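Participant: Below you'll find the structure I mean.
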Amino acid sequence: MSLFDKFRPLAETRAGLGNSGPAPIATPIDRVLSATRGVIDGKEVILAGTNNYLGLTFEPSVIAAASQALAELGTGTTGSRMANGSYADHRALESELAAAFGWPSAMVFSTGYQANLGVLSGLVSEGEYLLVDSDSHASIYDGCRLSKAQTIRFRHNDPDNLDRRLARLGEDAKKALVVVEGLYSMLGDQPPLAEFVEVKNRHGAWLLVDEAHSFGVFGERGLGLTEQAGLLDEVDFVVGTFSKSLAGIGGFCVSPHAELELLRLASRPYIFTASPSPAVIAATRRALTLLIEGQDLRDSLHRNINHLYREVKAMGHELGSADPGPVMAIILPDRATALAHWRGLLERGVYANLMIPPATPAGLNLLRISLSAAHSEDDINQIVTALQSLRETIPLAATA
Amino acid sequence: MSDVRREVEAAVAAALAEALPELGPLDPDAALTGDLGLDSVQIMNLVMEIEDNLDLSVPVDILAEVRTLNQLTAQLVHLKEKQA
Ligand SMILES: Cc1ncc(COP(=O)(O)O)c(C=O)c1O
């Protein structure tokens, strides 16, 4: 009898992925060379399995901002902003985020995961309700678990199902926070945001949009799907992360409700953890400026997205989403086929992601490719050629 | 048997036939994940189907405590009676 016995099924799943070549889970990257190049298993590959949508990780002015803050402000804050002091740069970043949305309040968290934990658990409590999409990210589910509110799931991307559930709550719907994502990162699909807004308005409920994967990607100024859909006036909270388009680490929540400030006094995942290091904050401030002004970056990204979607659709692959987006999920019939594609891509110089249950919705086996504004046309061509050759060599009928 | 219990049992049976037709009749005291080998996705689809049939929302934390069909039915009866 051991505390570790319960992990045996997980260990067996991992063992089932084989040990010839690099591991598909927690793949060791020997070295990162640029936003789009890394060394895996001693070989240089195209990175198409990160979330570096705008390709800003090596942007010289972002690195310079981080270096300067590192030299001037030191390596860490060594504590919580509530207990150990709130640096000027952290406050400036919050002002800049709020200003980008034209809203009165923004809060910075140490990760995007903690932003969801802190906002959901702090904001929604006993006698109130969290209505979350069934395909929500783990950080949303964990925020619900930390909250004393009642959590109810609605069918993925199904405003009618949400409608029925809010109707059942009656007057209590006014105490319900609806949570959706701007882009679901497993299948790469987007929510019907306008329909969700119509439903929540009709019931007087509140709406939070987690733009973790859509911030920087959609909208004139890159503010996300909400901006692109022209719905910024209709949402109550936008949550996001610094770890994807902004190329750093950290998370945020912005709101048109000035009372968001009160959450600082009540949110445990905000209070009881150290604030991000000064270098991270400085890099994020610079990256935020580039993101807002980055229409050219978005143009490059969407050119790459459209290119890849066009080619892969022509190969006859089943995709997680018909709408082109920065994440392409190729649905494969079983784990063995998905693994063969993942290894085949790596052998052809492309690092993508293997996604298998229980991490995936509906028990799907996925090969997931994420694109960047920094990918060149040649990079996309190389990805397409690799996929094409796999399409010709690996049968898509079940191989098990 | 109360009307509510009859309604719940009918809804569960209909949902099972809809969401998991391959399973056939189930032992109501068998563990859903252990004995019956359902995964979390299958259980979620089953519950969503039942919720539609009963016009009810089951809070996620209640589901986390349910191990068998009988326990699920008992929780549903309780929620349905509270709703009435
Ligand atoms: C929808 C969503 N929310 C939150 C997060 C957490 O962000 P972070 O990695 O910055 O903690 C992620 C991704 O990791 C995500 O996909």
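The values are calculated or read from the model by the stated rules, or taken from the named source; none is laboratory data. The structure displayed is predicted, hence computed values, not measured ones. Cβ placement follows ideal geometry from the backbone for every residue including glycine, while neighbour counts extend to all protein chains displayed. When the accessible area is computed, the model is the full protein with side chains, heavy atoms only, and any ligands, DNA or RNA have been set aside. Shrake-Rupley method; radii C 1.70, N 1.55, O 1.52, S 1.80 Å.
Participant: Taking the 0 to 90 degree range and rounding to the nearest ten, how far is the long axis of helix A:112-123 tilted relative to the main principal axis of chain A, both from C-alpha atoms?
Facilitator: 30
Participant: Which order do A:MET328, A:MET355 take by accessible area at a 1.4 Å probe, largest first?
Facilitator: Ranked from most to least accessible, the order is A:MET355, A:MET328.
Participant: Please tell me which of these pairs span more than 19 angstrom C-alpha to C-alpha: A:LYS148/A:LYS200; A:LYS43/A:LYS313; A:LYS200/B:LYS82; A:LYS148/A:LYS175? Don't jump to the answer; show the numbers that get you there.
Facilitator: Working: A:LYS148/A:LYS200 22 Å; A:LYS43/A:LYS313 29 Å; A:LYS200/B:LYS82 24 Å; A:LYS148/A:LYS175 13 Å.
Check vs 19 Å cut-off fails for A:LYS148/A:LYS200; A:LYS43/A:LYS313; A:LYS200/B:LYS82.
Participant: Still on this structure, please answer the following. Provide the per residue accessible area, probe 1.4 Å, for the range B:3-83, rounded to a whole number of square angstrom. Write out the running numbers ahead of the final one.
Facilitator: On the way: 4110 Å² over 81 residues.
Accessible area per residue: 51 Å².
Participant: Putting +1 on Lys and Arg Cβ atoms and -1 on Asp and Glu Cβ atoms, find which of B:LEU46, B:GLY24, B:SER57 reaches farthest to the positive end of the dipole of the range B:3-83.
Facilitator: About the Cα centre, the residue reaching furthest to the positive side is B:SER57.
Participant: Continuing with this model, one more query. What whole number of Å gives the distance from the Cα centroid of the range A:212-262 to the Cα centroid of the range B:3-34?
Facilitator: Each part's Cα centre sits 42 Å from the other's.
Participant: Here is a further query. Give me P(r) over the protein assembly as shown, computed from all C-alpha to C-alpha distances, binned every 20 Å, as integer percentages.
Facilitator: Taking every Cα pair in the protein assembly as shown, the percentages come to 22, 53, 24, 1.
Participant: Right, another one. Residues of the range A:160-177 losing 30 Å² or more of accessible area relative to the isolated chain, 1.4 Å probe, heavy atoms only?
Facilitator: Listed in order, they are A:ARG165, A:ARG168.
Participant: Measuring with a 1.4 Å probe in the full set of protein chains, what accessible area per residue, in whole Å², belongs to the range A:242-369?
Facilitator: On the way: 4610 Å² over 128 residues.
That works out to 36 Å² per residue.
Participant: Mind jotting down the distance between the C-alpha centroids of the range A:55-77 and the range A:93-109, whole Å?
Facilitator: Cα centroid to Cα centroid, the span is 21 Å.
Participant: Now a separate question. Shielding of B:55-66 by partners, i.e. mean partner chain Cβ atoms within 10 Å per residue? Please list the in-between numbers first.
Facilitator: Values: counts 4, 3, 13, 2, 8, 10, 4, 2, 2, 2, 0, 0.
The shielding value for this peptide is 4.
Participant: Report in % the part of the accessible area of chain A that belongs to carbon and sulfur, leaving out ligands and nucleic acids; probe 1.4 Å.
Facilitator: Looking at chain A in its full context, I get 53 percent from C and S.
Participant: Here's a follow-up. Add +1 for every Lys or Arg and -1 for every Asp or Glu among the other residues with Cβ under 10 Å from the Cβ of A:GLY118, and state the total.
Facilitator: It works out to a net charge of +2.
Participant: Tell me the per residue accessible area of the range A:61-213 using a 1.4 Å probe; a whole number in Å² is fine.
Facilitator: The answer is 38 Å² per residue.
Participant: Roughly how crowded by other chains is peptide A:357-364, in terms of the mean Cβ count from those chains within 10 Å of each of its Cβ atoms?
Facilitator: Working: counts 3, 3, 0, 1, 2, 4, 4, 1.
Counting other chains' Cβ atoms within 10 Å and averaging over A:357-364 gives 2.
Participant: Continuing with this model, one more query. Between chains B and A, what is the buried accessible area in Å², counting both sides, with a 1.4 Å probe and ligands, DNA and RNA left out, to the nearest 100?
Facilitator: Looking at B and A, the buried total is near 1300 Å².
Participant: Right, another one. So for chain A: antiparallel DSSP bridges make up what percent, rounded to the nearest 5?
Facilitator: If we restrict to bridges inside chain A, about 60 percent are antiparallel.
Participant: Still on this model: May I ask you to list the chymotrypsin sites (Phe, Trp or Tyr not before Pro) in the range A:227-326 that are in a DSSP loop and have at most 12 other Cβ atoms within 10 Å of their Cβ?
Facilitator: Hits after loop and neighbour filter: A:PHE272.
Participant: Indicate the gyration tensor shape class of the range A:285-400 (rounded, prolate or oblate), computed on the Cα atoms with a ≥ b ≥ c the square roots of the eigenvalues: a/c under 1.5 is rounded; otherwise a/b larger than b/c is prolate and the rest oblate.
Facilitator: It comes out prolate by the Cα gyration axes.
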